Structures are given as structure tokens and as C-alpha cells.
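Here's the structure we're looking at; comments come further down.
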Amino acid sequence: MAAEEEKLRLGEFIPESAPQPAPETGFTDTDGNPASLADFRGKPVVINLWATWCRPCLKEMPSLDRLQTALGNKLAVAAVSEDHGGAKRVGPFIAAMGLQKLKIYLDPKSDVGHAFAVRGLPTSIVIDAQGRVVGRVEGAAEWDSEAMMAVLKPFLESSSGAIKGAAR
């Protein structure tokens, strides 16, 4: 029954009942420089796991780009490609999409997907400014919609205090 309920929630935010620290996992930027979730500490982040072969992923990419544009430095959106081909596969795709602000990362071995026990693509993990997983969206979403902005707003508001507290 629980699995059936979850299927009905594709594209919707599913909050964590008890937020836990995000797993430590690494990936790279499109130039091959190492990156990790710790790089985003102090601000909320949406980790979007996607692939070039995934049609629902492609559909939601422009809304992730608009979300990053709208929220600027209040939120980080990290689109982590799970494509095994890495930069060779992802680079041309990103150029063709014309994304302006969305930061693209690479995870050709799917380490991030495994760390978050992702069941399918796209999956987005929402992490608060303290580095805790507060929820996820399985399936494509309209990230810049009023409904999704309302979901993200509490995490944006709580991050300003976290940033002050983090700078010791």
C-alpha cells in the first residue's frame, strides 16, 4: 500500500519525517574538478539526479534553471548527471539546452544515486542549510511553480540564520 501511495506522488515533494545528515559523496564539475555536498553547506541545495537519455529529466531542466535564476544565492541547484559517458556525453546536451544558471555536475559511476538510494530518474533531493536531507521529489517537477516555491520557502528562510551560525 505504501509503495502505491508513493507512485501517486511522482513529481511532488515528499518530506522526510526525521531529517538526517546527507551522506558524504563526491562527484565532479564538468571540467573534472572534484566536488561534494560539503561545498554547499550553509545554504539549502536541490541535488537533481538526471541523465541525457531520460525524457522526464529533460522536461524539468528548464524549470531548474529558472529556479536557480529566481533564487540566486539563496539556494544552490546542482544538476548531477548520472550518464556513464561523463562530460563527452553531457557537454553537447547542455550546450543545446541553453541553460543559463544551472550548475552541472558529473557522476558517471552513480555514486550519488547509490548514496541516496535513488530508485529512478529524475530524482531530486532537498538538503537544508545544515546539510540534512529534508525531502525528495521522484519524477519530474515544475521547480519554479508557485507550489514548489511554497515548499522551498521555509528552507530558504531558515538558511539565513544557519549561514550566520556557520561563520564562527
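Does residue 124 qualify as being farther than 10 Å from residue 13 by Cβ and of a type in the set (S, T, N, Q)?
Taking the combined requirement at face value, the residue does not satisfy it.
Which numbered condition trips up residue 157, out of (1) modelled with pLDDT of 95 or more; (2) open to solvent by 10 Å² or more (accessible area, probe 1.4 Å)?
(1)
Determine, yes or no, whether residue 31 is acidic (Asp, Glu) and touching a Ser or Thr at 6+ places or on another chain (Cβ under 6 Å).
Details: acidic (Asp, Glu): yes; touching a Ser or Thr at 6+ places or on another chain (Cβ under 6 Å): no.
Answer is no for this residue.
For the range 103-122, indicate whether the set of residues that are polar (S, T, N, Q) and modelled with pLDDT of 95 or more is non-empty.
Yes: the range 103-122 contains one or more residues that are polar (S, T, N, Q) and modelled with pLDDT of 95 or more.
Could we say that residue 55 is under 14 Å from residue 126 (Cα atoms) and among the basic types (Lys, Arg) here? Before you say what the answer is, go through the steps one by one.
Values: under 14 Å from residue 126 (Cα atoms): no; among the basic types (Lys, Arg): yes.
Taking the combined requirement at face value, the residue does not satisfy it.
Determine whether residue 135 is of a type outside the set (Val, Ile, Thr) and open to solvent by less than 10 Å² (accessible area, probe 1.4 Å).
yes
Kindly list, by first and then second residue, each pair from a residue in the range 17-36 that is on the phi > 0 side of the Ramachandran plot to a residue that is assigned to a strand (DSSP E or B), limited to pairs with Cβ atoms under 9 Å and residues at least 6 apart or on different chains.
Every condition considered, the pairs that remain are 32/106.
Please list, ordered by first then second residue, the pairs with beta carbon atoms under 6 Å, 6 or more apart or interchain, first in the range 59-77 and within 11 Å of residue 46 (Cα to Cα), second β-branched (Val, Ile, Thr).
Pairs found: 64/77; 67/77; 68/77; 76/45; 77/46.
The values are calculated or read from the model by the stated rules, or taken from the named source; none is laboratory data. Here the structure is a predicted model, which is why all the values come from computation and not from measurement. Cβ atoms come from the backbone with ideal geometry, glycine included; neighbour counts cover every protein chain shown. Keep in mind that these areas ignore ligands, DNA and RNA; they rest on the heavy atoms of the full protein, side chains included. Shrake-Rupley method; radii C 1.70, N 1.55, O 1.52, S 1.80 Å.
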